[in-house]
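Notes for the one structure printed next.
The values are calculated or read from the model by the stated rules, or taken from the named source; none is laboratory data. As the structure is a computational prediction, the values presented were derived from the model and not from experiment. Quick reminder, even Gly has a Cβ in these numbers, built from the backbone with ideal geometry, and neighbours come from all protein chains shown.
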């Protein structure tokens, strides 16, 4: 989840991660060492439905399992149906209520999606942007009819701090000549935060009982890093100090999705189950609006 750096920048980055792992409990009562089951303890989410993207591997498998464990009707959105089916069957042995319908990549070589859009941006941001748009009216109507609060959770990354200097290459999103795989990843993760922020602004204007937040799950050794053997090796060596378990990595997602502490909370960025400060670009309202309009133009959404 972190770009390759050397010198002071690398030390600072590792220091941030180490600080998170060994931090004390925050205002929420949870910390970096909290697990998904711990943050969801005692919560009855029967009647709720959650669509979990990228649920064929990594922390999203644990997210699906814990949500289902607490009564949520879970729909797993996956790209690899065989892998998704295997995960579904494993979870069903424990919890018999799951539907199968992965959207998350990191540091890939330059590649365009089927719609001819740079793959990081298309997969990590646009896919989720469009899915949210398609579901939003249903979420609003469900909230009104059932008098419940609906929640949208965007899984971002600490990597949002390490994108292109200007934030987004709006006019050169598909330009291979200036492509940098870590900056492209950072750009897509910055988009996740700004999407949640702009969506929050729009939902508040409408008075809708729907919230949107973003989060950094932590550094976890999953197949997300399959395109960078060097980084994967480094993190394996340092893993005992800086990485979370999958159970810990899924905690913040489950906390933001389920916990009653967050009722009415929107437009926030969470780390280790607590509100945290994202980069200055991630708080830029004008940039968020521009990204929204740009995303609409690429997806033909409403």
- Message: Could you tell me how many of the residues in region 31-42 are surrounded by 16 or more Cβ atoms within 10 Å (Cβ to Cβ) and within 17 Å of residue 263 (Cα to Cα)?
- Response: 2
- Restricting attention to region 171-218, report how many residues are surrounded by fewer than 24 Cβ atoms within 10 Å (Cβ to Cβ), in a loop (DSSP other than H, G, I, E, B) and touching a strand residue (DSSP E or B) at 6+ places or on another chain (Cβ under 8 Å). 4
- Item | Within region 76-100, tally of residues that are part of a strand (DSSP E or B) and over 15 Å from residue 253 (Cβ atoms) | 3
- Which of (1) surrounded by 15 or more Cβ atoms within 10 Å (Cβ to Cβ); (2) at pLDDT below 95; (3) in a helix (DSSP H, G or I) does residue 134 not meet, given it meets every other one? (1)
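Filter region 46-69 for residues that are part of a loop (DSSP other than H, G, I, E, B) and surrounded by 19 or more Cβ atoms within 10 Å (Cβ to Cβ); which is farthest from the chain's Cα centre (by Cα)? It would help to see each step written out before you state the result.
The initial filter retains those residues of region 46-69 that are part of a loop (DSSP other than H, G, I, E, B), namely 46-48, 54-58.
Those left that are additionally surrounded by 19 or more Cβ atoms within 10 Å (Cβ to Cβ): 48, 54-58.
Details: 48: 20, 54: 10, 55: 12, 56: 15, 57: 14, 58: 12 Å.
Taking the candidates together, the pick is 48.
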